[in-house]
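The values are calculated or read from the model by the stated rules, or taken from the named source; none is laboratory data. What you see is a predicted model; the values in this text were computed from it and never measured. A quick note on method: Cβ atoms are made from the backbone with ideal geometry, for glycine too, and the neighbour counts reach across all protein chains shown. Remember, those area values only see protein heavy atoms, side chains included, never the ligands or the DNA or RNA. Shrake-Rupley method; radii C 1.70, N 1.55, O 1.52, S 1.80 Å.
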Amino acid sequence: MGSSVGCSVRSARTTTELEVTVRVLFCMISLLFALPFQGQSVSPETQHSGSRISTGSVAGVLKDPSGAVLPGVRVELRSGTGNFDKTRLSDNLGHFSFLAVPTGEYQLTVNDAGFDSQVLGPLTVASGTELRQDISLKIAGTVASVLVEGQDAGTLAASDLKVQSADSSQSHNTADMLASDPSVSLHGNGELATIPFLHGLGDERTKIMVDGMTVSSACPNHMNPTLGYVTPAQAAQISVVAGITPVSLGGDSLGGTISVESPAPVFAESGSGLREEGTFTGYYRSNGKNWGGSLNESIATGHFSLGYVGAFTTTEDYSDGAGRKITSTYAQSTDHALTFAAHSGHNFFEATGSYHHVPFEGFVNAFMDLTHNNATSLNLRYRRTLASGSVDARFYWQNTLHEMNFLADKVAVDGPGASMPMNTHGRDLGYSVRYESALSSRHTFRLGNELHRLRLDDWWPPVAGMAPMMGPDTFVNINNGRRTRLGTYAELFSRWNPRWSTLFGLRNDTVWSNAGNVQGYSMMYATDAAAFNAENHARTDINMDLTALARYDANQHAAFEFGYARKNRSPNLYERYTWSTGMMAASMIGWFGDGNSYYGSVALKAETGNVVSGTLLLRGNSSKPWEVKITPHFNNIHDYVDVDVASMGMMGMGTPLLRFANHDARIYGGDLSGSTTLWSNGSAGTGKVSAGGAWLHGTRTDSNTPLYQMMPLNLRLGFDEEVRGLSAGVASEFVDRKSRLDPNRIELPTPGYALFNVHAIYRSKYVQGGFRADNLLNRLYQLPLGGNNIDIYGASGVMTPVTGRGRSLAVNLTAIF
């Protein structure tokens with residue numbers, strides 16, 4: 001790609017690492033403006049980003065007239081343009097904070113039962129700074145005031161991640177940025193397609209929203225999961241709600257909700273003329289020769305805003321700690337997003353068009369690779385602020401064209417000319433409408449309605465000379481698959497007094513699914529096709545979700561939250577409508593990275609989870625503050641979609657044929673996180689220690705056997721110091737051995753390991769740069785959730801776990817203009 005630039009990454013193979021770094025940095029500077037507009041491919045043999053529109057933050061402490069801190073008070077921050085309107089609850093130290101706030105003027109409103117409302121503004125938020133607003137509330141007079149909460153979860157178990165330029169450019173994909181959250185474990189997939197699990201429940205068991213959009217994977221191997229469509233350059237904040245999820249954020253999921261928000265549009269201040277700003281980020285990582293860049297630009301008047309985000313990344317195969325190349329780990333992607341926004345009075349409108357292009361991506365734990373994935377999407381939003389509430393409406397559409405076949409590394413194993421094209425066309429269409437109203441100073445009511453419709457066609461063209469196994473006809477895997485979900489919910493948040501608050505919600509999701517008749521490559525598939533075609537494919541699931549949550553703020557040092565949730569998820573189209581029991585065709589189905597073969601069952605029922613969870617938050621209020629959060633959780637799941645063994649012997653090599661089937665399951669465990677400030681003063685800066693860990697136990701209750709891919713005990717420790725614009729730190733990750741293995745799949749044990757990383761970031765007004773070294777000691781380790789190395793299996797017939805990346809050095813540079 002880009003021969004006019006005059007640089008070649010291929011030549012780096014015969015040069016030193018220093019020369020490679022210099023050459024790639026020169027390439028990135030040359031490609032400053034070219035990258036976001038090029039969609040050509042770089043060969044896999046030669047083979048994301050992070051850029052931010054200017055943002056700041058707002059924080060403070062709430063106190064009563066005596067000076068005592070006030071926990072659980074609702075604080076609203078709203079821009080004069082209406083493009084930013086969010087609500088937070090003060091924590092048990094009375095502290096509140098708003099992250100990733102676009103620069104501009106804002107109004108801060110504080111309301112709570114028993115106190116007079118406080119309205120501050122206009123407040124000016126500047127780039128890269130924290131606006132401090134400590135507020136003392138007065139005892140209420142005769143007039144009560146109200147406040148409407150935004151879309152925030154408002155639970156102690158929830159966590160928010162503000163994405164910085166250095167964070168995004170040092171992550172392989174958006175999902176990787178969630179690794180530090182104790183409730184999250186990451187299932188290794190392609191380099192751009194990592195799948196997050198919440199409390200052991202991942203993929204479509206976790207609801208993932210990108211700017212309010214819910215998008216389904218259009219691939220029998222789930223090579224294009226939802227987070228794969230949003231680059232780190234497009235993410236400003238990521239929210240994680242595991243376990244007890246408000247019904248307004250849930251629906252058709254069991255594990256919880258992950259919500260990614262793009263930077264809010266920026267507008268010029270009144271009378272200031274045209275506002276223009278942007279950033280450019282370039283980066284390079286040594287292991288895998290991964291490099292790329294992103295451009296984030298906006299131009300705005302007082303009422304209109306236009307923003308663009310473009311990103312590019314490419315990577316070769318990485319090497320593990322023993323220096324062995326892990327094949328089928330190369331990838332490349334290009335992304336563009338254009339946003340138009342307007343506001344007038346109490347009305348705000350936003351429209352975003354996106355284009356996502358992946359010309360190739362290897363999958364070491366699958367029989368196939370991604371050879372083409374194009375997705376075009378449109379996301380519209382309208383928000384109106386009312387006298388006592390707000391209405392927020394969204395409409396979205398996405399069209400995905402996806403192709404799989406063998407890339408170079410698998411051709412080297414399977415032989416020249418090896419080919420098996422597989423095509424998928426997915427169309428997502430949906431809307432959401434949300435109304436909020438303050439019924440009184442104590443009660444906030446939410447009412448919402450959502451629709452998500454997926455249409456899916458999955459077909460495999462014939463391969464010349466391969467009949468009857470792969471020809472002469474087209475193999476129709478899913479024909480006109482339809483899955484439509486209509487959801488309606490009502491939710492009531494109540495602040496009874498400064499100590500007690502509750503959240504109750506009820507939700508209905510009706511899911512209709514259907515698919516047309518199918519055919520195989522030839523008559524050798526006729527028996528299975530006829531049996532499937534004779535079935536009634538139409539299915540309707542009526543799912544009822546319930547959330548009940550109570551919170552008690554004992555004092556400024558302790559808070560406790562406890563709740564129950566009933567949650568449901570209906571099977572996806574591949575679980576219900578894949579039909580062939582032929583071992584070759586069935587081996588193409590599955591998103592588990594295990595090398596097994598799968599087919600579906602039309603009779604599958606919806607999963608129902610009963611979740612009980614609590615969170616204890618302890619804090620120390622001193623010159624060296626500390627915090628500890630503990631979240632135990634228990635989930636009893638009825639009709640969990642697992643598998644039954646239909647037969648053994650994949651092509652004589654001993655892997656099973658599995659059919660999706662309902663069974664009961666139980667998952668329980670706990671999350672632990674904490675931090676403490678060791679010192680904080682002007683000359684010595686700030687020093688902080690943090691820790692996070694999790695333990696999971698999953699069992700299929702009818703057979704008393706382990707569930708597949710439960711993350712073993714793990715712990716993360718970190719130390720960070722910041723002095724003026726420079727911050728640096730060390731981090732360590734400890735993972736126990738995985739010994740509880742699913743007996744129905746080829747789940748292999750993995751030994752425990754420890755990894756150590758270092759990082760440094762420098763920030764100034766116009767430039768930001770970073771360096772990090774991951775797996776500093778170059779340890780060899782196997783990924784507990786990385787699946788099996790199918791490339792090695794294809795060459796030797798031996799299954800081994802995928803090994804992780806060896807030592808990798810990374811640099812990034814961001815220019816702010």
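Quick one: which of VAL240, VAL309, VAL247 is β-branched (Val, Ile, Thr) and part of a loop (DSSP other than H, G, I, E, B)?
It is VAL247.
Surrounded by fewer than 24 Cβ atoms within 10 Å (Cβ to Cβ), out of contact with any Pro (no Cβ under 6 Å at 6 or more places or on another chain) and assigned to a loop (DSSP other than H, G, I, E, B): does that describe GLY278?
no
Residue check: is THR301 open to solvent by less than 10 Å² (accessible area, probe 1.4 Å) and hydroxyl-bearing (Ser, Thr, Tyr)?
no
Looking at MET588, MET584 in this structure, which one is of a type outside the set (S, T, N, Q), more than 25 Å from ARG485 (Cα to Cα) and touching a helix residue (DSSP H, G or I) at 6+ places or on another chain (Cβ under 9 Å)?
Testing whether each residue is of a type outside the set (S, T, N, Q), more than 25 Å from ARG485 (Cα to Cα) and touching a helix residue (DSSP H, G or I) at 6+ places or on another chain (Cβ under 9 Å) leaves just MET584.
Before we move on, is SER580 farther than 30 Å from THR502 by Cβ, at pLDDT 95 or above and surrounded by 22 or more Cβ atoms within 10 Å (Cβ to Cβ)?
yes
Within the range 478-501, track down each residue that is in a strand (DSSP E or B), open to solvent by 20 Å² or more (accessible area, probe 1.4 Å) and more than 30 Å from TYR525 (Cα to Cα).
LEU486, THR488, ALA490, LEU492, TRP500 - these are the residues of the range 478-501 that are in a strand (DSSP E or B), open to solvent by 20 Å² or more (accessible area, probe 1.4 Å) and more than 30 Å from TYR525 (Cα to Cα).
Kindly list the number of the only condition in (1) of a type outside the set (Asp, Glu); (2) modelled with pLDDT of 90 or more; (3) open to solvent by less than 10 Å² (accessible area, probe 1.4 Å) that fails for GLY212.
(3)
Would you confirm whether any residue within the range 700-711 is in contact with a Lys or Arg (Cβ under 9 Å, 6 or more places away or on another chain), open to solvent by 20 Å² or more (accessible area, probe 1.4 Å) and over 29 Å from PHE734 (Cα atoms)?
So far as the range 700-711 goes, yes, one or more of its residues are in contact with a Lys or Arg (Cβ under 9 Å, 6 or more places away or on another chain), open to solvent by 20 Å² or more (accessible area, probe 1.4 Å) and over 29 Å from PHE734 (Cα atoms).
Which is open to solvent by 30 Å² or more (accessible area, probe 1.4 Å) and touching a His at 6+ places or on another chain (Cβ under 6 Å), of ARG566, ARG619?
ARG619
Can you tell which of PHE475, PHE504 is open to solvent by less than 30 Å² (accessible area, probe 1.4 Å) and not small (Gly, Ala, Ser)?
Checking each option against the conditions leaves just PHE475.
Looking at SER294, SER259, SER272, SER253, can you tell me which residue is among the small types (Gly, Ala, Ser), open to solvent by 10 Å² or more (accessible area, probe 1.4 Å) and modelled with pLDDT of 90 or more?
Criteria check complete, one pass: SER259.
If a residue has to be more than 17 Å from SER344 (Cα to Cα) and open to solvent by 30 Å² or more (accessible area, probe 1.4 Å) to count, how many in the range 378-397 make the cut?
Final tally of qualifying residues: 5.
In this structure, does LYS624 turn out to be within 23 Å of the chain's Cα centre (by Cα) and either charged (D, E, K, R) or over 20 Å from GLN709 (Cβ atoms) (or both)?
no
Quick one: in the range 345-402, of everything that is charged (D, E, K, R) and touching a Gly at 6+ places or on another chain (Cβ under 8 Å), which residue is nearest to GLY590 (Cα to Cα)?
Once the filter is applied, the top-ranked residue is ASP369.
For the range 751-775: of the residues being touching a Phe, Trp or Tyr at 6+ places or on another chain (Cβ under 8 Å) and among the hydroxyl-bearing types (Ser, Thr, Tyr), which is surrounded by the most Cβ atoms within 10 Å (Cβ to Cβ)?
TYR753
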